[in-house]
Amino acid sequence: MALSTLWIVIIIVVVIVLLIVGLFNRLIRLKNQVKNSFAQIDVQLKRRNDLIPNLVNAVKGYMKHEKTTLENITKARAAVMKATTPDEKGKASNMLSETLKSLFAVSENYPDLKANQNFMQLQEELAGTENKIAYSRQHYNDIVMVFNTKIQTFPNNVIAGTLGFKEEASFETSAEERKNVKVEF
Amino acid sequence: MRITFDEIRRNNVKTWFLIVLFFLIISLFGFAFGLYMGDIFMGLIITTIFGVIYTLVVFSTGDRMIMSISGAKEVTKQEYPHLFHTVEGLSLAAGLPTPKCYVIKDSALNAFATGRKPENASIAVTTGLLEKLNRQELEGVVAHEMSHIKNNDIKVMMLAAVLVGVILLLSQFLLRSFLWGGKGSGRKNSGNATIIFIVVGLVLAILAPIIAELIKLSISRKREYMADASGAMFTRYPPGLASALKKISKDPDPLVDTANKATAHLFISSPFRKKKSGRSRLFSTHPPIEERIKRLEEM
């Protein structure tokens, strides 16, 4: 009698331990996905920052009257590089997107520039990168949502906190972005 | 997420179903072939060996086979920056490695994806598609292909294409050798065996294309709706694909010259000219494009 009770207790304990181990591993896997998708955003931000000096050089000769626009771009780029927290980075990156948009808007007034092969390539490259930034953020938010749902739902929420898992923050999109996610310069 | 996992599991089951069905049909051919040669056992062994080798080859190079059948050439980022940016962007959105990009020189508007697994997938688009669609529309189409890749539809579709292809080829071969052999006098079969052979050969010749048709049907139509829906999840913009499908349906030249019966189900919209009858709808590899547009617009 006592022996079989003991066995039942042992079995229950083993099952619970196995469930916790399974949950822990699944959460670790998700957490790594979150990290990885965040790194993907950084890759794209860096790519854009690398392209901007080329753009400024290509444009400088043509745009004599747009000094402030170019300065704004350089400033916004520096801000993205300096930003450390995800929140700062998001804001600085949105700023840079805005300044780039205004640059490509005024480029409409310079037919010579618009016909420039190098400029056209850079424009395509930057538009592609802008979209990749948006897409990598979107993917990050998707993964964060899966992760957060997992640790907030019962019974996971009882254990997740004890195991040291915290909710991850997702990116807020600016009002401008919500209107039009994809960029077409 | 859950849907994707379910889809992947279902696709793995379908993969096995296809392979088993393929071997059953191949053995039937082996039986007929063996009967023809006068040694059924030998015929079965030969076709089984052929089947195993062919399946292995298909698993390792099926995507390249399909690409070369379809006349698709792998392209570089320098040649098609716009296509590459779109594909790279959507692989980020789907959380997948970037697939290889192929282009088919054809004015028709069409695209497909293939490969054994998401890690070595390929996407092919026609030059007509690149010329006539704007960025949002191209993104919609690429996102549709991306969800085929993510759900592992591509593996089943690839297997179906190459296995169906070889069954069609074999049944034609059998029919021809049957017609040719009928006149030859070299056979040492008795009259009885000839009759059995004729019956088996005829049954096979009739059955094989029907089975091939069934395989394709079990694979395509529902998953096109699925891929439309999850593709719209990646772009967050269903009107993009809807407007692309509209352009595709209005295109006067839907025919992709290099598409054939075995590869038709791979494409985003049927590469053949539409026949306006109820029967063609029942046996078509794709759901009606108007219905797909409607569903996208209701999202």
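Please work out if B:THR98 is within 14 Å of another protein chain (Cβ to nearest Cβ) and either aliphatic (A, V, I, L, M) or surrounded by fewer than 21 Cβ atoms within 10 Å (Cβ to Cβ) (or both).
So B:THR98 passes the test.
Across segment B:221-244, what is the total count of residues that are more than 14 Å from chain A (Cβ to nearest Cβ) and under 10 Å from B:LEU296 (Cα atoms)?
So the count comes out to 4.
Let's see how each residue does on (1) free of Cβ contacts under 8 Å to residues at least 12 places away in the same chain; (2) surrounded by fewer than 23 Cβ atoms within 10 Å (Cβ to Cβ):
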position: B:LYS73; (1), (2): no, yes
position: B:GLN78; (1), (2): yes, yes
position: B:THR86; (1), (2): no, no
position: B:SER91; (1), (2): no, no
position: B:TYR102; (1), (2): no, no
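Taking the conditions exactly as written (in contact (Cβ under 8 Å) with a residue 40 or more places away in the chain, touching a Leu at 6+ places or on another chain (Cβ under 8 Å), more than 26 Å from A:GLU168 (Cα to Cα) and not aromatic (Phe, Trp, Tyr)), does A:GLU66 satisfy them or not?
yes
Could you check how many residues of segment B:47-63 are crowded, with 17+ Cβ neighbours inside 10 Å and more than 17 Å from B:ALA160 (Cα to Cα)?
1
Is it the case that some residue within segment B:189-209 is assigned to a helix (DSSP H, G or I), within 20 Å of B:GLU291 (Cα to Cα), at pLDDT 70 or above and in contact with a Lys or Arg (Cβ under 9 Å, 6 or more places away or on another chain)?
The answer is no, given that none of the residues of segment B:189-209 is assigned to a helix (DSSP H, G or I), within 20 Å of B:GLU291 (Cα to Cα), at pLDDT 70 or above and in contact with a Lys or Arg (Cβ under 9 Å, 6 or more places away or on another chain).
For residues that are within 13 Å of chain A (Cβ to nearest Cβ) and within 21 Å of the chain's Cα centre (by Cα), tally how many sit in segment B:139-153.
Result for segment B:139-153: 5.
Output the residues belonging to segment A:138-152 that are more than 9 Å from chain B (Cβ to nearest Cβ), of a type outside the set (A, V, I, L, M, F, W, C) and touching a residue at least 24 places away in the same chain (Cβ under 8 Å).
Selection gives A:TYR140, A:ASN141, A:LYS150.
Confirm whether A:LEU6 is of a type outside the set (Lys, Arg), at negative phi and within 14 Å of chain B (Cβ to nearest Cβ). Quick ask: steps written out before the conclusion?
On the way: of a type outside the set (Lys, Arg): yes; at negative phi: yes; within 14 Å of chain B (Cβ to nearest Cβ): no.
The answer is no for A:LEU6.
Regarding B:SER60, is this residue in a helix (DSSP H, G or I), out of contact with any Gly (no Cβ under 6 Å at 6 or more places or on another chain), away from chain A (no Cβ under 14 Å) and over 30 Å from A:GLU124 (Cα atoms)?
Working: in a helix (DSSP H, G or I): yes; out of contact with any Gly (no Cβ under 6 Å at 6 or more places or on another chain): yes; away from chain A (no Cβ under 14 Å): yes; over 30 Å from A:GLU124 (Cα atoms): yes.
For B:SER60, the condition - in a helix (DSSP H, G or I), out of contact with any Gly (no Cβ under 6 Å at 6 or more places or on another chain), away from chain A (no Cβ under 14 Å) and over 30 Å from A:GLU124 (Cα atoms) - is met.
For the list (1) in contact with a strand residue (DSSP E or B) (Cβ under 8 Å, 6 or more places away or on another chain); (2) under 16 Å from B:ILE154 (Cα atoms); (3) within 14 Å of another protein chain (Cβ to nearest Cβ); (4) assigned to a helix (DSSP H, G or I), I need the number of the one condition that B:LEU83 fails.
Every condition holds for B:LEU83 apart from (2).
What residue, of A:GLU108, A:GLU124, is part of a helix (DSSP H, G or I), within 14 Å of chain B (Cβ to nearest Cβ), charged (D, E, K, R) and surrounded by fewer than 16 Cβ atoms within 10 Å (Cβ to Cβ)?
A:GLU124
Of all residues being in contact with a Ser or Thr (Cβ under 9 Å, 6 or more places away or on another chain) and assigned to a strand (DSSP E or B) in segment B:66-80, which is farthest from the other protein chains (Cβ to nearest Cβ)? Just the residue, please.
Taking the candidates together, the pick is B:ALA72.
Given the options B:PHE112, B:PHE41, name the one that is of a type in the set (A, V, I, L, M, F, W, C) and assigned by TED's automatic domain parsing to the domain that holds B:PHE173.
On the way: B:PHE112 fails: assigned by TED's automatic domain parsing to the domain that holds B:PHE173.
Being of a type in the set (A, V, I, L, M, F, W, C) and assigned by TED's automatic domain parsing to the domain that holds B:PHE173 holds for just one of B:PHE112, B:PHE41, which is B:PHE41.
May I ask you to list the residues in segment A:114-124 that are closer than 27 Å to B:PHE234 by Cα, touching a residue at least 40 places away in the same chain (Cβ under 8 Å) and out of contact with any helix residue (DSSP H, G or I) (no Cβ under 6 Å at 6 or more places or on another chain)?
A:GLN123
Matching residues to (1) surrounded by fewer than 12 Cβ atoms within 10 Å (Cβ to Cβ); (2) in contact with a Gly (Cβ under 9 Å, 6 or more places away or on another chain); (3) not hydrophobic (A, V, I, L, M, F, W, C):
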{"site": "A:LEU3", "(1), (2), (3)": "yes, no, no"}
{"site": "A:ILE11", "(1), (2), (3)": "yes, no, no"}
{"site": "A:LYS35", "(1), (2), (3)": "no, no, yes"}
{"site": "A:PHE38", "(1), (2), (3)": "no, no, no"}
{"site": "A:ARG47", "(1), (2), (3)": "no, no, yes"}
{"site": "A:LYS60", "(1), (2), (3)": "no, no, yes"}
{"site": "A:THR68", "(1), (2), (3)": "yes, no, yes"}
{"site": "A:ALA79", "(1), (2), (3)": "no, no, no"}
{"site": "A:THR85", "(1), (2), (3)": "yes, no, yes"}
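Quick grid of which residues meet (1) surrounded by fewer than 19 Cβ atoms within 10 Å (Cβ to Cβ); (2) over 16 Å from the mean Cα position of the chain (by Cα); (3) assigned to a helix (DSSP H, G or I):
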{"position": "A:LYS101", "(1), (2), (3)": "yes, yes, yes"}
{"position": "A:GLN138", "(1), (2), (3)": "no, no, yes"}
{"position": "A:ASN141", "(1), (2), (3)": "yes, no, yes"}
{"position": "A:MET145", "(1), (2), (3)": "yes, no, yes"}
{"position": "A:VAL158", "(1), (2), (3)": "yes, yes, yes"}
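The values are calculated or read from the model by the stated rules, or taken from the named source; none is laboratory data. Keep in mind the model is a prediction, meaning the values are calculated, not measured. Counting neighbours? That spans all protein chains shown, and the Cβs are built from the backbone with ideal geometry, glycine included.
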